[in-house]
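Following: one structure in structure tokens, then a few remarks.
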Amino acid sequence: MIEPKGKYLKNEVTQLFEFYNTVDRYSGTQLFGLANLMSAYNPYFDYFGITPFKEEFKWYKDKTLLVQNVKIKGMKNFVESQRFYNLVKGTEYGEYLINNTPWQDDSAFIEKRPSDSSLYFNIRAHGELFGVWYKDRNIYVSKKNNPTATTFAGLKSKVGDDIVIVRGQGAHRVLAESMELGNIRYDSIPIREMIYELVNGGYKEI
């Protein structure tokens, strides 16, 4: 549920759980969630550790949660035949209407950091060190780093005085909020996927 300022509700997942429990009372009620695929990041994927995948279906949480990438045969041709599509044809929104697969778009949010950006902090994950830089309103994640700067690390990558990444705090909070606002950029696709993994709960395993 997106409120008028474009943000999710405060504690939205917990609020949904409260509503579900009130209705269900352990009677086996099935809950269906529908959404436009505008971003790979949202509080639900973060809560359940859901990361981008290309299959149509994927189970989570001991097969109690099923996620589907909806693929409707012929949908692209149908949308292109509609009068409204003529209005948005050739725009980013037009592409979104016919493709609707931003997390499979290899160019999404890939952008080299500006040479005059400033280092914010480092992230250590999968045994590698990455720099998180900022300029204006954007942050940039790059292999360029400074080992002497403050470093946040995944639980299995921690070295020396590294600060362990914790959900909703420090590096996790900065990255999650930047993803929600769409003002984060990555040097490469592998770095983007690593940050998706980290923000969506993977910091415990990387």
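The values are calculated or read from the model by the stated rules, or taken from the named source; none is laboratory data. Just so we're clear, the structure is a prediction, and the values are computed from it rather than from any experiment. Cβ coordinates were reconstructed from backbone atoms using ideal geometry, including for glycine residues, and neighbour counts include every protein chain displayed.
From the list Phe109, Phe152, which residue is surrounded by 10 or more Cβ atoms within 10 Å (Cβ to Cβ), modelled with pLDDT under 90 and touching a strand residue (DSSP E or B) at 6+ places or on another chain (Cβ under 7 Å)? Break it down into steps so the answer makes sense when it comes.
Numbers: Phe152 fails: modelled with pLDDT under 90.
Result: Phe109 is the single residue among Phe109, Phe152 that is surrounded by 10 or more Cβ atoms within 10 Å (Cβ to Cβ), modelled with pLDDT under 90 and touching a strand residue (DSSP E or B) at 6+ places or on another chain (Cβ under 7 Å).
Would you be able to say whether some residue in the stretch 75-92 is within 30 Å of Glu205 (Cβ to Cβ) and surrounded by 13 or more Cβ atoms within 10 Å (Cβ to Cβ)? Before the answer, list the steps.
At the first step, the residues of the stretch 75-92 found to be within 30 Å of Glu205 (Cβ to Cβ) are none.
For the stretch 75-92, residues within 30 Å of Glu205 (Cβ to Cβ) and surrounded by 13 or more Cβ atoms within 10 Å (Cβ to Cβ): absent.
Could you tell me whether Phe121 is closer than 20 Å to Gly49 by Cβ, assigned to a strand (DSSP E or B) and not charged (D, E, K, R)?
On the way: closer than 20 Å to Gly49 by Cβ: no; assigned to a strand (DSSP E or B): yes; not charged (D, E, K, R): yes.
Here the answer is no, as Phe121 does not meet what is asked.
Restricting the search to the stretch 113-143, which residues are farther than 22 Å from Glu177 by Cβ and out of contact with any helix residue (DSSP H, G or I) (no Cβ under 8 Å at 6 or more places or on another chain)? It would help to see each step written out before you state the result.
Here is the first cut: in the stretch 113-143, the residues farther than 22 Å from Glu177 by Cβ are 115-116, 126-129, 143.
Scanning the stretch 113-143 gives Ser115, Asp116, Gly127, Glu128, Leu129.
Go through Thr91, Thr148 for me and flag whichever is more than 17 Å from the chain's Cα centre (by Cα) and farther than 30 Å from Leu34 by Cα.
One residue alone meets the criteria, Thr148.
Give just the number: which of (1) touching a residue at least 60 places away in the same chain (Cβ under 8 Å); (2) buried (at least 18 other Cβ atoms within 10 Å of the Cβ) does Ala171 not satisfy?
Unmet condition: (1).
Looking only at the stretch 169-183, how many residues end up being of a type in the set (A, V, I, L, M) and modelled with pLDDT of 95 or more? Show your work before the answer.
Looking only at the stretch 169-183, we keep the residues that are of a type in the set (A, V, I, L, M), and these are 171, 174-176, 179, 181.
When the remaining residues are screened for being modelled with pLDDT of 95 or more, the result is 171, 174-175.
Final tally of qualifying residues: 3.
Any chance you could count how many residues in the stretch 9-63 are within 25 Å of Ala108 (Cα to Cα), of a type in the set (Phe, Trp, Tyr) and in a loop (DSSP other than H, G, I, E, B)? Even if it seems obvious, please write down each step before you answer.
Keep residues of the stretch 9-63 that are within 25 Å of Ala108 (Cα to Cα), which gives 33-58.
Those left that are additionally of a type in the set (Phe, Trp, Tyr): 41, 44-45, 47-48, 53, 57.
Next, from what is left, pick out any that are in a loop (DSSP other than H, G, I, E, B): 41, 53.
Selection size over the stretch 9-63: 2.
Which ones in the stretch 74-106 are at pLDDT 85 or above and outside any helix (DSSP H, G or I)?
Within the stretch 74-106, Gly74, Ser81, Gln82, Lys89, Gly90, Thr91 meet the criteria.
Could you list all residues from the stretch 144-170 that are closer than 24 Å to Gly182 by Cβ, out of contact with any helix residue (DSSP H, G or I) (no Cβ under 9 Å at 6 or more places or on another chain) and of a type in the set (Gly, Ala, Ser)?
Gly170 - this is the single residue of the stretch 144-170 that is closer than 24 Å to Gly182 by Cβ, out of contact with any helix residue (DSSP H, G or I) (no Cβ under 9 Å at 6 or more places or on another chain) and of a type in the set (Gly, Ala, Ser).
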